[in-house]
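Input: a single structure, listed below in structure tokens.
The values are calculated or read from the model by the stated rules, or taken from the named source; none is laboratory data. Because the structure is a prediction, the values reported are computed rather than measured. When we count neighbours, we look across all protein chains shown, and the Cβ atoms used for this are built from the backbone with ideal geometry, even at glycine.
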Amino acid sequence: MIVSFARYFPEGIDIYFENVGGKMLDAVLLNMRHHGRIALCGMISQYNLEQPESVQNLIAVLYKHIRMEGFSVAEYYDQYSKFLDFVLPCIKEGKIVYVEDISEGLESGPAALIGLFSGRNVGKQVVKVAQEWSVSLYMSSFQSHCLSYMLH
């Protein structure tokens, strides 16, 4: 993973939204640019472990002067409508793009859920249960409302 990051981000990573943790965070830390920033919102790879993995490359925060700050979406609910006013036009204009990993059929749901915790999926995992709608297995309330807005 470290080699892949170096290949795709040869000058390093400026800004990273951390929602995975574990080995992913360790690889990212080694590939951050000086004065890079990390917004820490979750660590899904750690939630169901009896013994969470320790961060091995935390020294990079010191050496590279990285700013890493945690936050909770609940802190910003009062700004939700302002956020939608800003982000939805950006999504519709293609200025913001996202990746969805779509599994077909309700029967694929259990495997898709397991894939979330094993790192098998890329982007947002969606299980398409009918032509008209999909069920997202891991979606923040912001993403849920954005998706619902875009579908209507």
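Listed values, structure above:
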read-out: Pair list, Cβ < 7 Å and 6+ apart or interchain, from the range 24-50 residues that are in contact (Cβ under 8 Å) with a residue 12 or more places away in the chain and under 19 Å from Phe5 (Cα atoms) to residues that are loosely packed, with under 15 Cβ neighbours inside 10 Å and basic (Lys, Arg); value: Arg37/Arg67
read-out: Test: residue in the range 128-136 that is at pLDDT below 80, farther than 20 Å from Gly21 by Cα and of a type in the set (Phe, Trp, Tyr); value: yes
read-out: Filter pass, Phe5 being touching a strand residue (DSSP E or B) at 6+ places or on another chain (Cβ under 6 Å) and under 20 Å from Arg120 (Cα atoms); value: no
read-out: Pairs where the first residue, in the range 74-91, is farther than 20 Å from Gly42 by Cα and the second is of a type in the set (Val, Ile, Thr), C-beta under 6 Å, 6+ apart; value: Cys90/Ile96
read-out: Single residue of Lys124, Lys64 found to be at pLDDT below 90, in contact with a Leu (Cβ under 9 Å, 6 or more places away or on another chain) and not hydrophobic (A, V, I, L, M, F, W, C); value: Lys124
read-out: When residues of the range 2-23 are limited to those that are surrounded by 15 or more Cβ atoms within 10 Å (Cβ to Cβ) and without any contact (Cβ under 8 Å) to a residue 24 or more places away in the chain, the one nearest to Tyr47 (Cα to Cα); value: Tyr16
read-out: Evaluation of Ile91 against (1) in a loop (DSSP other than H, G, I, E, B); (2) closer than 29 Å to Ala6 by Cα (one fails), failing number; value: (1)
read-out: Count - residues of the range 101-132 that are charged (D, E, K, R), under 22 Å from Tyr47 (Cα atoms) and assigned to a strand (DSSP E or B); value: 2
read-out: Filter pass, Ser45 being outside the structural domain of Val122 (by TED's automatic domain parsing) and over 18 Å from the mean Cα position of the chain (by Cα); value: no
read-out: Among residues of the range 1-32, those that are aromatic (Phe, Trp, Tyr) and under 14 Å from Val55 (Cβ atoms), counted; value: 1
read-out: Positions within the range 39-66 being surrounded by fewer than 13 Cβ atoms within 10 Å (Cβ to Cβ), over 17 Å from Met24 (Cα atoms) and in contact with a Gly (Cβ under 9 Å, 6 or more places away or on another chain), in sequence order; value: His65
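Every residue, every condition in (1) over 24 Å from Asn121 (Cβ atoms); (2) of a type in the set (Gly, Ala, Ser); (3) in a helix (DSSP H, G or I), yes or no:
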| position | (1), (2), (3) |
| --- | --- |
| Val20 | no, no, no |
| Met24 | no, no, yes |
| His34 | yes, no, no |
| Ser45 | no, yes, yes |
| Pro52 | no, no, no |
| Met68 | yes, no, no |
| Ala74 | yes, yes, yes |
| Tyr77 | yes, no, yes |
